[in-house]
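This report concerns only the one structure given below.
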Amino acid sequence: MVRSSVRVAFQGEMGSYSHEASEDYFGSEIAVNPCRTLPEVFRAVETGQVAFGVVAVENSYEGSINETYDLLATTTTKVCGELEVRVRHCLIAKPGTKQSEITTVYSHPQALAQCARYLRVHKLEAIPTYDTAGSVKLIKTMRSRRVAAIASRRAAQLNSMQIISEGIEDSDVNYTRFLVLGKKAVPRSGNDKTSIIFGVEHKPGSLYRALRALSSRGINLTKIESRPVKRKPWEYNFYVDFQGHMRDKACREALSDLRERSTFVKVLGSYASAVSH
């Protein structure tokens, strides 16, 4: 999908995986708006500073990104797209550095976790930072040759740094799923998914009865995630993705039924199902 004049926000520096995801989805001619934190991405879309935001929501190896789920509960934006990106991590250092010199590695906590075996085998100390590409910029400013970063090949190229080793992630099927945030709902594509949040009474069988609104109509759930209700200890909101568009007859009826069985329902959006990149 190419939108040459659109401004897109993402969390991280230029060369981060979120940056790559943004260009994979919208095309390389977009105007980019890098943000240091995920709340900044959501605010940029909510205030109209950008047309769209791209945020990581889950990794196939390390699981869900809880901060993104929590922000979805309060945002006024809509989920209007998704994509899955193959994540291939590189160990990156200053030009001329030998692997034997490296003792310390900086990166985002998710990236460090995805490369845990490599770090353990090479006895490298892991130090978390806010971003993968940002960690490359960080070590570039350091005088020591004992430091390295885990990030993408592109992050190394943009910072004129050396790739010591590539493909160091623990799993060779390491994918990250990203959501595209916008202000408007999108029409049917013919292969759609819908994301919602709902709550139920704290009673036996309440979740089962709520989900029956979907299953009784043959609607396939592709994801269910629970997150704590911040001001009610031991109570949870449920995040569900299911196949179909909210304007489809079965989905429309299921959502209406779900509202009768739940304490609240928030429809985040319907959008075309992802194609892996």
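The values are calculated or read from the model by the stated rules, or taken from the named source; none is laboratory data. Model, not experiment: these values are computed from the prediction. Positions of Cβ are backbone-derived with ideal geometry, glycine not excepted, and every protein chain shown enters the neighbour counts. Quick note on the areas: whole protein, heavy atoms, side chains included, nothing else; ligands and nucleic acids left out. Shrake-Rupley method; radii C 1.70, N 1.55, O 1.52, S 1.80 Å.
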Picked from the stretch 185-217 (must be charged (D, E, K, R) and over 17 Å from LEU72 (Cβ atoms)), the residue least open to solvent (accessible area, probe 1.4 Å) is ASP192
Can you spot a residue in the stretch 236-256 that is on the phi > 0 side of the Ramachandran plot, assigned to a loop (DSSP other than H, G, I, E, B), of a type outside the set (Lys, Arg) and open to solvent by 50 Å² or more (accessible area, probe 1.4 Å)? no
Residue ID - most open to solvent (accessible area, probe 1.4 Å), chosen from residues in the stretch 113-139 that are among the aliphatic types (A, V, I, L, M) and closer than 18 Å to SER160 by Cα: LEU138
Any idea which of (1) under 20 Å from GLU58 (Cα atoms); (2) surrounded by fewer than 24 Cβ atoms within 10 Å (Cβ to Cβ); (3) in contact with a Lys or Arg (Cβ under 9 Å, 6 or more places away or on another chain) is the one SER152 doesn't satisfy? (2)
Only one of (1) polar (S, T, N, Q); (2) under 30 Å from LYS193 (Cβ atoms); (3) open to solvent by 70 Å² or more (accessible area, probe 1.4 Å) fails for GLN157. Which number is that? (2)
For the stretch 8-32, which residues satisfy the criterion of being of a type in the set (D, E, K, R), farther than 16 Å from GLU84 by Cβ and out of contact with any Pro (no Cβ under 7 Å at 6 or more places or on another chain)? GLU29
Complete set of residues in the stretch 205-235 that are in contact with a helix residue (DSSP H, G or I) (Cβ under 9 Å, 6 or more places away or on another chain), farther than 16 Å from LYS266 by Cβ and assigned to a loop (DSSP other than H, G, I, E, B): SER216, ARG217, GLY218, ILE219, ASN220
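Say whether the condition of being over 19 Å from the mean Cα position of the chain (by Cα) and not acidic (Asp, Glu) is met by at least one residue in the stretch 68-89.
First, pick out the residues of the stretch 68-89 that are over 19 Å from the mean Cα position of the chain (by Cα): none.
No - not one qualifying residue is present in the stretch 68-89.
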